[in-house]
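The values are calculated or read from the model by the stated rules, or taken from the named source; none is laboratory data. Predicted model only: the values in this text are computed from it and were never measured. All Cβ positions, glycine included, derive from the backbone under ideal geometry; neighbour counts span all protein chains shown. For accessibility, only protein heavy atoms count, side chains too; no ligands or nucleic acids. Shrake-Rupley method; radii C 1.70, N 1.55, O 1.52, S 1.80 Å.
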Amino acid sequence: MTLTLLHGPDDRSEFRRSDLLRRLQRAAPALHIRHADCRPIYLLEGPPNLWNTYQRWLRPLLNAGDELPLRCHQGFYILPRRGTISPWSSKATDILHHVGLTAIRRVEHGRWLRLTADPARVLSATDARPVWRELYDRMTESIEENLDGFFD
């Protein structure tokens, strides 16, 4: 089985984007965060070439965009903690199986973030540590830069 990463639509309103940026700037003024990109992502476990084979069904079901590389060179991911299966994942996987996409073993939902600071520097997950509490729930989520073996 292989992992496939898809991006979702930018579904945050201007208010939510502005609010996130204000909270990050307030939490760590020394980081000089000037921009925060946040997008939904979908991580799927299935056969090789999963996207090429199933994209015509996955695109409308997940409202997903194109496939992305598993290693994030700019930014980081927020996903359910490794070793857990979120309620969203259980339900979404059931739905995919009920519509005949049984080759997909599991689907998980998360977020991709890219925080840009002055002077035009993208923060790594480690650099962004002072604002982590504004980004995720430590009890149920984890911050990831590398998704290799996420479902193992």
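Please calculate how many Å² of accessible area the chain carries per residue, with a 1.4 Å probe and no DNA, RNA or ligand atoms counted.
Details: 8570 Å² over 152 residues.
Computed with neighbouring chains in place, this is 56 Å² per residue.
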Whole Å is fine, so just give me how far the alpha carbon centre of the range 97-142 lies from that of the range 1-53.
-> 6
Which distance in nm do the two modelled labels at D127 and H35 give, with both placed 7 Å along the Cα-to-Cβ direction?
-> 1.3
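Working out 0.36 nm times the residue gap between R114 and E14, then minus their Cα-Cα distance, what length gain in nm do you get to one decimal? Provide the component values of the computation, followed by the final result.
On the way: separation 100, 0.36 × 100 = 36.00 nm, distance 1.64 nm.
Length gained, R114 through E14: 34.4 nm.
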Rounded percent of accessible protein surface that carbon and sulfur make up, the range 47-152, 1.4 Å probe | 50
Could you order peptides 6-19, 105-118, 46-59 by the average number of other Cβ atoms within 10 Å of their residues, highest first?
-> 105-118, 46-59, 6-19
With Rh as the Kirkwood radius over Cα pairs, the range 86-127 has Rg/Rh of 1.33
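Multiply the residue gap between M1 and W88 by 0.36 nm, knock off their C-alpha separation, and tell me the result in nm, one decimal place. Let's see the in-between values first.
Numbers: separation 87, 0.36 × 87 = 31.32 nm, distance 2.09 nm.
Answer, rounded to one decimal: 29.2 nm.
Translational D (Stokes-Einstein, µm²/s) of the chain at 37 °C and 0.692 mPa s when Rh comes from the Kirkwood sum over C-alpha pairs?
After rounding, the answer is 202 µm²/s.
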